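The values are calculated or read from the model by the stated rules, or taken from the named source; none is laboratory data. Treat the numbers as computed from the prediction; the structure is a model and nothing was measured. Ideal geometry is used to build each Cβ from the backbone, glycine not excepted, and the neighbour counts take in all protein chains shown. Just so you know, the surface numbers come from the protein's heavy atoms only, side chains and all, with ligands and any DNA or RNA stripped out. Shrake-Rupley method; radii C 1.70, N 1.55, O 1.52, S 1.80 Å.
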Amino acid sequence: MASCGEKLLHLRRRAGLTQKGVAEKLHLERSCYTYYERGRSNPSYRSLLQLARLYGVSVEYLIDEDIPVLGDASPQTAERR
C-alpha cells in the first residue's frame, strides 16, 4: 500500500522535477508541496486535479492507497491490475 505522498514523491522523481518546480507549477509554496509528499498535509481537490494532470495519472491513483506505486512489478501487484 502506498500513500498519496509516497506516490507524489515517486512521480516527481520519475518526471525529473524538483519540489520547487512542482510547487511553482501549482502556484504553491515549496513547503506546502513538501508537506504533501511527507504526508503532513493532504492536497486540496484542486491540487489533486493539477497533480494528476501534471503526472498523467488519475486522481483515483493518487488517493487510493490500495493502488500500488506505478512501476511496482511485484507479482501481487500484477494480480490486482
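Residues that are charged (D, E, K, R), at pLDDT 95 or above and open to solvent by less than 60 Å² (accessible area, probe 1.4 Å) number at least 2 in the following helices (runs of 4 or more DSSP H) confined to the range 1-75: 4-15. All conditions but one from (1) touching an Asp or Glu at 6+ places or on another chain (Cβ under 7 Å); (2) on the phi > 0 side of the Ramachandran plot apply to A23; the one that does not is (2).
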